[in-house]
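The values are calculated or read from the model by the stated rules, or taken from the named source; none is laboratory data. Source: prediction; values computed, not measured. Note that we place each Cβ from the backbone using ideal geometry, even for glycine, and neighbour counts take in every protein chain shown. Note: areas computed on protein heavy atoms with side chains; ligands, DNA, RNA excluded. Shrake-Rupley method; radii C 1.70, N 1.55, O 1.52, S 1.80 Å.
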Amino acid sequence: MTRVLVFAAVLLGTCLYAFRRGGAPERWVAALLLTAAIASYLLPHVRGYTYFHVEWQRVAIDTALLGGLVAVSLAADRFWPLYLTAFHALTVMTHGVRAYDPAVLPIVYTRVAAWLAYPGLLLLVVGVARHHQRLRAGTREFDWTFQRRGAADEARTCHARGAGLRDP
């Protein structure tokens, strides 16, 4: 039970930090992580029986979280969501390994699935800290890749007009 409380505290602290100091991708990832944690908490828990077999509701939650992380990774103008998505993909694959080979010890299944969340939280903290550092330095920061593309198109248009090439 202590491990669960420690993880909940670390998750909550990380997500509050992301909501307070992070950009849009950091806030989206924090919301996804909190939603998945709450959904997992609401699953029935039978002491001594959880993780002895594949819990398909937990697989569905982890797969939905993976889909959300992939979407953020593809749209965000940052690299860290890709790494967080990779760590979470390992968690989803852990469910697949357990489904394929029921001989995998429950303690291994539990530890791998649970402990892979910590590097993801660390990546979120680093992403928020770097975002905040860039903002303090006055660097132009884009949250999403489509914003960068829009800014590049705008710069090209301004440059072309400044060079005497006017629209008819």
- Could you identify the single residue in G96, G127, G138 that is within 20 Å of A64 (Cβ to Cβ) and either in contact with a Cys (Cβ under 7 Å, 6 or more places away or on another chain) or among the small types (G, A, S) (or both)? G96
- Item | Residue check, L69 under 17 Å from A117 (Cα atoms), open to solvent by 30 Å² or more (accessible area, probe 1.4 Å) and modelled with pLDDT of 90 or more | no
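Please count how many residues of the range 65-79 are outside any loop (DSSP other than H, G, I, E, B) and either touching a Ser or Thr at 6+ places or on another chain (Cβ under 9 Å) or farther than 18 Å from L124 by Cβ (or both).
10
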- Tally time: how many residues in the range 75-101 are within 20 Å of Q147 (Cα to Cα) and touching a helix residue (DSSP H, G or I) at 6+ places or on another chain (Cβ under 8 Å)? 7
- Message: For the range 1-47: of the residues being basic (K, R) and assigned to a helix (DSSP H, G or I), which is most open to solvent (accessible area, probe 1.4 Å)?
- Response: R20
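Could you list, in sequence order, all residues of the range 53-104 that are of a type in the set (D, E) and either free of Cβ contacts under 8 Å to residues at least 24 places away in the same chain or farther than 30 Å from H131 by Cβ (or both)?
Those that are of a type in the set (D, E) and either free of Cβ contacts under 8 Å to residues at least 24 places away in the same chain or farther than 30 Å from H131 by Cβ (or both): E55, D101.
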